[in-house]
Structures are given as C-alpha cells and as structure tokens.
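What follows is one structure encoded as structure tokens, with my remarks underneath.
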Amino acid sequence: LADLAIAAGEQPILGLCPGAEYGEAKRWPARHYAEVARHAMQQGQVVWWFGSKKDQGVTQQINDACDGRCLDLAGRTTLDQAIDLMSMTENVVTNDSGLMHVACALGRKTVALYGSSSPQYTPPLSDQATIVSLGLDCSPCFQRSCPLGHLDCLNKLLPERVISELA
C-alpha cells in the first residue's frame, strides 16, 4: 500500500481481472466488467483492477465507464505487489488467467469466467471458486478469437449472473 500510495479503508474490496494473455476469446467483455464494478460500488465496495501493462487499455476503458471511481492497478504493480494487494480483496472476478490462479491460491472468493477455454483443463484450484460458463455447443473452442465471429460464450454471459455469484 505504501509503495503505491494507496489508502485502504474499511470498505470491502472487489478485485477484477479483465485481462487474458491468450486472447480475446478468454476476455469477458469490458461492458460486463463495468456493470459488475458499478454494482459493487453501489453496494459500498471499493473496486481494484488487476492486470499487466497489456491490460491497461481495457482497464482504462472499463474505469472510464465507471467515471474513474476504481483503482486501476494494471501495469502498475510487480507480481509480488499484485499478490499482496489481491490478498486484501474479499472477492475476485476473473477470466481464466494467471491472476485467477493467484486469487485461488490466496483463498479469495473467486468467480472464474470461462468462454473459449475449459475448467476441465485449467480449473480454479480452490473450494472458494465458482466457475461460470454457458457451456454452449461452440465452446470450448480453445481459439484466441471466436472462429464464428460472435463470441457468444462470453457476450451472453451476463453481468447479473456474476453479480448473483458475489452475493
């Protein structure tokens, strides 16, 4: 906290991890993340974005949709710092990514989102994790971008479903 000049209060922290190194077919839409963030803030939570420098574009886009009210840590932390900060969260919503595994290792209540990938191959290893997937006929396809051009496996995975898992 001191290294990044972050003042932590008493409010619960929701960690959101919108990146996925593998590609767009593993990234839940930015508009959905923004809706979850806005809901969390309405409930009195603080929202922190986690990710690498490559995720800064999407975290900035989402934070803009939230009127800049979230703490965007993407690309600002070392892995050690991200782990320390994530340990302060109450819940984490994440794509199937490295940060999903970090959240699970930390014992955070984790909502793990799957589109083109499968929890059969890269499961969240925690009894505190909930897997959310639509299980469409076209998924898992294991492609970096949607071969059908619609990305229904993530676009149709609505924020309300994720919000209900955080309750």
- For a paramagnetic label modelled at 7 Å from the Cα of residue 145 toward its Cβ, which residues of the range 9-25 fall within the zone defined by backbone nitrogen distances under 13 Å? 23-25
- Any residue on another chain or 5+ positions along whose placed amide H is under 5 Å from the amide H of residue 92 is listed here as 15, 109, 110, 111
- Item | Residues of type lysines that residue 26 reaches as a straight line, Cα spacing below 16 Å, ignoring anything fewer than 8 places off in the same chain | 54, 156
- Putting +1 on Lys and Arg Cβ atoms and -1 on Asp and Glu Cβ atoms, find which of 107, 146, 79 reaches farthest to the positive end of the dipole of the chain. 146
- Considering only the other residues whose Cβ falls under 12 Å of the Cβ of residue 110, what net charge follows from Lys and Arg at +1 and Asp and Glu at -1? -2
- Query: For residue 92, what is the net charge nearby, where nearby means another residue's Cβ is under 11 Å from its Cβ and Lys, Arg count +1, Asp, Glu -1?
  - Reply: +1
- Excluding same-chain residues fewer than 8 positions from residue 53, which aspartates and glutamates have a Cα within less than 12 Å of its Cα? 21, 72
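Using heavy-atom solvent-accessible surface (probe 1.4 Å) with all chains present, what is the largest-first order of 142, 50?
So the residues, ranked largest to smallest area, are 142, 50.
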- Query: Got a sec to turn the phi values of the range 120-126 into Karplus ³J(HN,Hα) couplings, 6.51 cos²θ - 1.76 cosθ + 1.60 with θ = phi - 60°, whole Hz, x for Gly and Pro?
  - Reply: 5, 9, 10, x, x, 8, 6
- Query: How far, in degrees from 0 to 90, does helix 56-65 lean away from the longest principal axis of the Cα atoms of the chain, to the nearest 10?
  - Reply: 80 degrees
- Message: Between residue 152 and residue 88, what is the label-point separation in nm under the 7 Å Cα-to-beta-carbon projection?
- Response: 4.3 nm
- Task: List every residue whose amide H lies under 5 Å from the amide H of residue 52, counting only residues 5 or more places away in sequence or on a different chain, with H placed 1.01 Å from N in the peptide plane.
- Result: 75
- Query: How big is the accessible area of residue 164 in square angstrom, nearest 10, if you roll a 1.4 angstrom probe over the protein chains?
  - Reply: 70 Å²
- Task: With the full set of protein chains in place, find how many percent of the accessible area of the range 14-158 is carbon and sulfur; take the probe as 1.4 Å.
- Result: 48 percent
- Query: Counting only the heavy atoms of the protein chains, how much of residue 152 is accessible to a 1.4 Å probe, in Å² to the nearest 10?
  - Reply: 40 Å²
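Could you tally the net charge around residue 76, taking each other residue with its Cβ under 14 Å from the Cβ of residue 76, Lys/Arg +1 and Asp/Glu -1? Please report the intermediate quantities before stating the final value.
Values: positive: 53, 54; negative: 3, 55, 72, 80, 84.
Result for the local shell: -3.
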- Heavy-atom surface of the chain, accessible at 1.4 Å and reported per residue (Å²): 49 Å²
- Rounded to the nearest 10 Å², what accessible area does residue 76 show when all protein chains are kept and the probe is 1.4 Å? 100 Å²
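What is the calculated FRET efficiency for residue 81 to residue 137, with r their C-beta to C-beta distance and R₀ = 45 Å, to the nearest 0.05? Before the final figure, lay out the partial values.
On the way: r = 41 Å, r/R0 = 0.92.
Step by step, r from the Cβ atoms, then E = 0.65.
The values are calculated or read from the model by the stated rules, or taken from the named source; none is laboratory data. Not measured: the values here are computed from a predicted model. Note: ideal-geometry Cβ built from the backbone for every residue, glycine included; neighbour counts use all protein chains shown. Remember, those area values only see protein heavy atoms, side chains included, never the ligands or the DNA or RNA. Shrake-Rupley method; radii C 1.70, N 1.55, O 1.52, S 1.80 Å.
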